[in-house]
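Before anything else, here's the structure in question.
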Amino acid sequence: MTMMKRYNIYKKVLGLALAVLTFAACTDTWDDHYDRKGEGMNDASLWQAISQNSNLSNFAKVVQACGYDKALNSSQVFTVFAPTNDNFSAQEADELIAAYNAEKGKVNEDDNTVIKEFIQNHIALYNHSIAESCSDSLTLMNGKKTVLTTSSFCNSPILSTNGHYNNGVLFTIQGKAHYFPTVFEYLRKDADLDSVASFFYNSRFYRKEFYPERSVPGGLENGKTVYLDSVFVQQNDLWDMLWAYTNDEDSTYWMVAPTNKEWKKLIEEYEPYFNYDNNVAFRDSMVYTMPRIAIVLGANFSRTLNPDAHLTDSALSTSAAERYTYRYSYWGNNNLHYYQFGGKSATNTQKPYSATGIFTGTDNVECSNGVVMKSDDWKINKLNTFHQWRIYEAEETSNIKEVSKKENSTTGEMEPTIDPIIREVLNNNRFYGKVWSNEFVEFKQMQTTQNHTVTFNLRSVLSNIGYDIYLVTAPALANDSNATEEERIPTKLTCTINYHNQEGETESEVLQSGVETNPNVVDYILLAEDFKFPTATWGLSESVPQITLDVTTKVSSPEIRSKKYTRTMRIDCVMLVPHGISNVNEERFEIAPHGDGDIFQWLKY
């Protein structure tokens, strides 16, 4: 079965429209949102109305300091909710202006905290008026969604309503409107989460893209369109990678976020696992990025997939494969429930709220679209996330680099010395369910005068962390219950691992020499225990894999003639099993080092 990478598939386009018309107010017609004419219309602009109202002087001061007086004096249509001086003091206004100036020129204008969390939090595009006993759902300029009622706006009491001016509507409110951050936004508001915030807001992933089709043109200058209102949409490659759009106001997420102390501890542990050789393109970027991705994989949870009724038993992160067929495609077996915590997971049975559960002991902060769960004690086990079983099926052509060849004395062409034939295990065969994917490859000898080699590609491997390496062979009986004694002759194999050192040079190590297969069972041959690769390939797209395994017959001609051994190999797969896997679930996955095995006994629910 194909070992697909989990992280570059099913990309989803993120769009957060900062200026979207939602529902018309009860007293509005459709055109009222755009038409500036109507009963009780004042000839003045919104800015004129605000700047001439002495009880709005503190609000006006901030608006002007941030440059929004020009927009509110233009032909663009807005609805403004202005806090009065009674509950918004001159000192508060001065503090906001100072904060704006401190960030000005250092961040994108729309990322300026005062613009986003104060100015745009009090302004919506288009006309929004309100009538008795009705409410209006609207989207503010910063993308926040709220409901305008006859008595309140963003939980702030309304003092006056429906002031119609030539470019919009003015409300006055009692005090500042509360800004409720998303899960994504909260990360950089909490000093305890500086480290994880720095990663998510890194310019390698996070950016804003201008959307001209959603922006409001204001004319031409020097042949170029000038926009009265420019709409920028937040984009973050990590959201796509994790399938967790934690800035989306229309979704609800929980995120387990490590505090700075825990982040530092995890980085120190994980960095050696992602040591790429010096010739890997963008090595420094990979060494920085991959350990951090490893931390946040499995830390985000969509509430759509995790209703309250399910969370008492298990939690399915956004990196999980919900369907069994996906699990088989991604990880080689549908009982490997990576990124799932609790329930019937074969890799982690600890319920999320148990004593050692991932949600236990977190400090939870409510956000506009979910919860940030601050963790001082990280309980997301790497054996349930990125330190995975690697199963390389012989029948998957991408897992085979090459087979041995010999020159044809007649044609001069190099021809394979063995013929790979995919064999199926039928459901009435006693070995059904004991062979991975119920298929194996018979590498049938075509040349009897020499030994043969099959070279496996071993992709997506971690460095400096232990693997138990297995070669799994299948019996002839698994394909043919009536296989003859001659067809059930064993073979002897020598297995050699090839990998890159730090300088990118290939090194080789013989793991087993002349080991004899058992021709009557599905044979799990332990080639190496707690083997550590010096360099990683995890996350690399490799046209020529760095890590390979040579499986070579080691049978002499006299042994062939006596029919004691054969040079035909029947290989099910190569497996890299994380060393110490027996500690998972506090149960032991029984893998016989050299004997019959049953995959459903090891990977049990």
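Farthest toward the dipole's positive end in the range 78-234, which of PHE180, SER160, VAL107, given Cβ charges of +1 (Lys, Arg) and -1 (Asp, Glu) about the Cα centre?
The residue sitting most towards the positive pole is VAL107.
Which entries in LYS382/LYS554; LYS145/LYS382; LYS264/LYS532; LYS261/LYS344 show an alpha-carbon gap greater than 30 Å? Walk me through the numbers before you get to the answer.
Values: LYS382/LYS554 38 Å; LYS145/LYS382 37 Å; LYS264/LYS532 24 Å; LYS261/LYS344 32 Å.
Violating the 30 Å Cα-Cα cut-off are LYS382/LYS554; LYS145/LYS382; LYS261/LYS344.
Which residue, chosen from ASN498, SER562, VAL454, occupies the Cα position most advanced towards the positive end of the dipole of the range 447-572, where the dipole is computed from +1 (Lys, Arg) and -1 (Asp, Glu) charges on Cβ about the Cα centre?
In the range 447-572, that residue is SER562.
Efficiency by 1/(1 + (r/R0)^6): what FRET value for GLU505 and MET414, r their Cβ-Cβ distance, R0 = 30 Å, to the nearest 0.05? Write down the numbers at each step before the final one.
Numbers: r = 26 Å, r/R0 = 0.87.
Approximately 0.70, to the nearest 0.05.
When the chain is fully extended, how far beyond the present Cα-Cα distance does VAL544 get from TYR227, taking 0.36 nm per residue of separation?
Values: separation 317, 0.36 × 317 = 114.12 nm, distance 4.95 nm.
Gain on stretching VAL544 to TYR227: 109.2 nm.
Now a separate question. Which whole-number percentage describes the relative contact order of the range 64-210, with Cα contacts under 8 Å and a sequence gap of 6 or more? Mind dumping the intermediate values first?
Details: 203 pairs, mean separation 36.5, N = 147.
Normalised by residue count, the contact order of the range 64-210 is 25 percent.
Using a 1.4 angstrom probe on the protein heavy atoms only, line up SER152, SER215 by accessible area, largest first.
Numbers: SER152 30, SER215 10 Å².
Largest accessible area first, the list is SER152, SER215.
Collect residues whose amide H, placed 1.01 Å from N in the peptide plane, falls under 5 Å from the amide H of ILE547; neighbours closer than 5 in sequence don't count.
Here LEU458 satisfy the definition.
What ranking do 528-535, 465-472 get when scored by the average of other Cβ atoms within 10 Å per residue, highest first? Could you put the intermediate results ahead of the total?
On the way: 528-535: 16.9, 465-472: 22.0.
Those peptides, ordered most packed to least, come out 465-472, 528-535.
Could you tell me the relative contact order of the range 150-255? Use alpha-carbon pairs under 8 Å, at least six residues apart, and round to a whole percent. Spell out each step's value before the answer.
On the way: 122 pairs, mean separation 20.9, N = 106.
So the answer I get is 20 percent.
Tell me, what is the percent relative contact order of the range 343-414, built from C-alpha pairs under 8 Å that lie six or more residues apart?
Values: 48 pairs, mean separation 11.8, N = 72.
Relative contact order here is 16 percent.
While we're looking at this one, here's another question. Would you list which aspartates and glutamates come within 15 Å of LYS434, measuring only between C-alpha atoms, while excluding same-chain residues fewer than 8 positions from it?
Answer for LYS434, where 15 Å is the Cα cut-off: GLU393, GLU424, ASP480, ASP523, ASP572, GLU590, ASP596, ASP598, listed by chain and number.
The values are calculated or read from the model by the stated rules, or taken from the named source; none is laboratory data. Because the structure is predicted, anything quoted here is derived from the model rather than measured. Glycine also receives a Cβ, built like all others from the backbone with ideal geometry; neighbour counts cover every protein chain displayed. Note: areas computed on protein heavy atoms with side chains; ligands, DNA, RNA excluded. Shrake-Rupley method; radii C 1.70, N 1.55, O 1.52, S 1.80 Å.
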